[in-house]
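Everything on this sheet refers to the single structure shown next.
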Amino acid sequence: MINHSITALRRTLPDADLQITQLPSLEQIRLALINADYQTGPLAADVMHRVIANPAYWAFCWGSGLALARWLLNNPKTVSGKRVVDVGCGCGIGAIAAKLAGAAEVVACDNDEDALLITRANAELNDITLDYSADVADLSSDFDLVLMADVLYDKSNYPLLQSIKNLAPQTIVADSRIGSIDDEDFQLFHTDEALTYPNLGEFDEFKDVRFFRAFSPLAAG
């Protein structure tokens with residue numbers, strides 16, 4: 001399955017590769033990620049066009065996802081025995097950590113087929129089973145917890161916040177690109193530091209990861 005993801009990666013970055021990597025401070029998790037020695041200099045014009053058209057963001061473990069995974073493994077009661085969905089799963093780090101922390105069921109959700117493909121491969125690498133969804137609209141509203149990391153870098157994704165709040169009594173958002181959420185339901189409850197891995201030149205200004213939590217009316221029952 002990793003070979004299929006390598007093919008998908010090379011459609012965007014022809015000379016890139018995926019390497020099975022242990023994460024810093026999370027040695028119990030292995031992921032197939034872009035090779036750490038990939039060029040950090042300017043990309044050729046045709047490659048840049050490919051990146052814009054089809055960014056292979058799922059080939060990285062973004063800092064907020066890394067921080068979220070670390071927090072879940074340090075706070076397993078948050079997910080233990082629960083039904084969890086990771087919205088915008090990317091490489092699958094949040095979903096994998098939730099499962100390893102004891103969640104009864106975890107759904108990895110992403111509208112990018114390549115992200116779901118690499119998440120499947122990464123789940124196999126870590127000997128766990130996940131379920132998958134390609135559309136938030138297809139998710140049921142009987143989850144116990146929604147996770148979302150590194151999704152709000154794009155303001156067009158903000159409407160997702162309202163949608164995911166209706167899926168479960170509790171929602172946790174981890175993101176280093178925002179300082180606050182303009183929704184009084186979301187309250188800052190934790191901060192951490194993490195950078196995207198492998199780090200191919202990300203600015204240190206994005207190392208501060210903020211965690212926000214919302215409790216929906218569903219929790220009243």
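Sites count as exposed loop sites when they are chymotrypsin sites (Phe, Trp or Tyr not before Pro), lie in a DSSP loop, and have at most 15 other Cβ atoms within 10 angstrom; the longest stretch of the chain without one is 39-152.
Sorted ascending by nearby beta carbons within 10 Å, beginning with the fewest, Leu31, Leu139 become Leu139, Leu31. Taking the Cα centre of the chain as reference, the dipole from Cβ charges on Lys and Arg (+1) and Asp and Glu (-1) amounts to some 320 debye.
By a straight-distance test (C-alpha under 17 Å), which aspartates and glutamates pair with Lys207 as possible cross-link partners, with residues fewer than eight away in the same chain excluded? Lys207 reaches Asp150, Asp175, Asp192, Glu193.
With contacts taken as Cα pairs under 8 Å and at least 6 residues apart, the stretch 80-221 reaches a relative contact order of 20 percent. Computed from Cα positions, the angle between helix 2-12 and the longest principal axis of the chain comes to roughly 70 degrees. On the basis of the beta-carbon distance and an R0 of 41 Å, Ser163 and Arg11 show a calculated FRET efficiency of 0.90. Among Glu193, Glu184, sorting on how many other beta-carbon atoms sit within 10 Å of each Cβ, with the fewest leading, yields Glu184, Glu193.
Annotation for the stretch 73-180: GluC sites (Glu not before Pro) lying in DSSP loop with at most 15 further Cβ atoms inside 10 Å of their Cβ do not exist. Labels on offer are (i) 27, 19, 17; (ii) 29, 22, 15; (iii) 34, 18, 15, and the one holding semi-axes √(5λ) of the Cα gyration tensor in Å computed from this structure is (i). Think of the chain as a dipole: +1 on every Lys or Arg Cβ, -1 on every Asp or Glu Cβ, centred on the Cα centre; then among Ile118, Ala134, Val85, Val85 lies furthest on the positive end.
Springs between Cα atoms under 10 Å define the GNM used for the chain, and in it the highest mean-square fluctuation of Ala45, Ala149, Ala104 occurs at Ala45. Test of understanding: in a Gaussian network model of the chain with alpha carbons linked when under 10 Å, which of Thr196, Thr40, Thr119 would top the mean-square fluctuation ranking? Top of the fluctuation ranking is Thr40. Look at Met148, Met1 and count the other Cβ atoms within 10 Å of each Cβ; fewest to most, that gives Met1, Met148. The stretch between Glu193 and Lys155, if pulled fully straight at 0.36 nm per residue, gains 11.4 nm over its current Cα-Cα span.
Over the residues of the chain, the helix contribution to mean residue ellipticity at 222 nm works out to -8000 deg cm²/dmol, using -39500 (n - 2.57) for each DSSP H run of at least 4. Taking the longest Cα principal axis of the chain as reference, the axis of helix 113-125 is set at about 80 degrees. Can you give the FRET efficiency for Leu43 and Asp182, using 1/(1 + (r/R0)^6), R0 = 35 Å, r = Cβ-Cβ distance, to the nearest 0.05? So, using R0 = 35 Å, E works out to roughly 0.55.
Throughout, read-outs are computed from the coordinates displayed, never taken from laboratory work. As the structure is a computational prediction, the values presented were derived from the model and not from experiment. Cβ sites come from the backbone with ideal geometry, for glycine too, and all protein chains shown count toward neighbours.
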